[in-house]
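Chemist: Sharing a structure with you now.
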Amino acid sequence: MGIVYNTSMSPSKNELVSAWLPKQDFYTGKGTPKLQHIGGFRLEDPQGEVGVELRIYADHSDTSDVVYHLPLTYRDAPLPGAAKYLIGTSEHAILGKRYIYDAAGDPVFIAQARQLLAGKTTAQHHSESFTDEPRIKLKGQTAGKDAVIIRKPVSTVSAGDGVIGYWENALGQELTGLVLRTA
């Protein structure tokens, strides 16, 4: 979906993710996270049906400021067989009810992540329609079968080969780190 709508969702993505994240095995915080969206990008669904967004959040619930990479997909109907990946539903002010999934269980995300790792598709800006995101880079050998999500990216490019994402720290400085790799 090349169009990014500048509108509201109720509940918001942050609210849904804040309720879902503490139930995940990669969550290292205590209690409810205090999330701030600090970076990310989008991928295009060739069919134009599914929104694919790779969001990077800082959790400010304690002094550690852990960074999480949480790819999400947005659909207008439930994804059959993916109930365990459902984060929740939200009312989009323009598009209506959206089913929001952890993208790890969505075949559209999996296919597009493979395409990105193979250099066959381009990352899109997270908040501007029809705009490439040149800060997203491929590093090293990315040929492989399966895309692996790096849920807690580390701000270094020496972490391995794959897709290098970006985010901003509390001082507004741009950081980069591995967000996707091949298995």
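The values are calculated or read from the model by the stated rules, or taken from the named source; none is laboratory data. Quick caveat: nothing in here was measured; it's all calculated off a predicted structure. Ideal geometry is used to build each Cβ from the backbone, glycine not excepted, and the neighbour counts take in all protein chains shown. The accessibility values were calculated without ligands, DNA or RNA, using every heavy atom of the protein model including side chains. Shrake-Rupley method; radii C 1.70, N 1.55, O 1.52, S 1.80 Å.
Chemist: Within 14 Å, Cβ to Cβ, of residue 25, how many net charges do the neighbouring residues add up to if Lys/Arg are +1 and Asp/Glu are -1?
Modeler: Charge balance near residue 25 sits at +3.
Chemist: With the cut-off at 1.5 for a/c, could you classify the range 75-142 from its C-alpha gyration tensor as rounded, prolate or oblate?
Modeler: Oblate shape, in that a/c is at least 1.5 and b/c is the bigger or equal ratio.
Chemist: Could you pull out every residue, at least 5 positions away or on a different chain, whose amide H is within less than 5 Å of the one on residue 129? Hs are placed 1.01 Å off N in the peptide plane, and Pro or chain starts have none.
Modeler: 4
Chemist: Would you tally the net charge around residue 51, using a Cβ to Cβ cut-off of less than 11 Å, leaving residue 51 out, and scoring K and R as +1, D and E as -1?
Modeler: Summing Lys and Arg as +1 and Asp and Glu as -1 gives -2.
Chemist: If you add up the charges near residue 90, with Lys and Arg at +1 and Asp and Glu at -1, over every other residue whose beta carbon is less than 9 angstrom from its beta carbon, what do you get?
Modeler: My count for the surroundings of residue 90 gives +1.
Chemist: What list of ³J(HN,Hα) values in whole Hz, one per residue of the range 46-51 in order, does the Karplus curve 6.51 cos²θ - 1.76 cosθ + 1.60 (θ = phi - 60°) give from phi, with Gly and Pro shown as x?
Modeler: Karplus values, whole Hz, x for Gly and Pro: x, 8, x, 9, 10, x.
Chemist: Taking R0 as 41 Å, what FRET efficiency do you get between residue 89 and residue 183 from their Cβ-Cβ distance, rounded to the nearest 0.05?
Modeler: So, using R0 = 41 Å, E works out to roughly 0.85.
Chemist: To continue, here is another question. Under the rule of -39500 (n - 2.57) per DSSP H run of 4 or more residues, summed and divided by the residues of the chain, what mean residue ellipticity at 222 nm is obtained, to the nearest 500 deg cm²/dmol?
Modeler: -3000 deg cm²/dmol
Chemist: Next up: Please list, in order along the range 163-169, the HN-Hα scalar couplings obtained from phi with the Karplus expression 6.51 cos²θ - 1.76 cosθ + 1.60 (θ = phi - 60°), rounded to whole Hz, x for Gly and Pro.
Modeler: Coupling constants for the range 163-169: 8, 9, x, 9, 7, 10, 7 Hz.
Chemist: Per residue, what accessible area does the chain have, given a 1.4 Å probe and all protein chains present, in Å²?
Modeler: 49 Å²
Chemist: Here's another thing I want to ask about it. Can you pull out the GluC sites (Glu not before Pro) in the range 9-104 that DSSP calls coil and that have at most 14 other Cβ atoms within 10 Å?
Modeler: Sites meeting the loop and neighbour criteria: 49.
Chemist: Distance in nm between label sites at residue 130 and residue 25, each 7 Å beyond Cα in the beta-carbon direction?
Modeler: 4.4 nm
Chemist: Follow-up question, since we're still on this one. Given 30/120; 34/84; 30/137; 13/137, which pairs have Cα atoms separated by over 31 Å?
Modeler: Violating the 31 Å Cα-Cα cut-off are 30/120; 30/137.
Chemist: Here's another thing I want to ask about it. Using the Cα gyration tensor of the chain, with a ≥ b ≥ c the square roots of its eigenvalues, what is the shape: rounded (a/c below 1.5), prolate (a/b larger than b/c) or oblate (neither)?
Modeler: Cα axes put the chain in the rounded bin.
Chemist: Between residue 47 and residue 120, 0.36 nm times their residue separation minus their Cα-Cα distance comes to what?
Modeler: So the extension gain works out to 24.7 nm.
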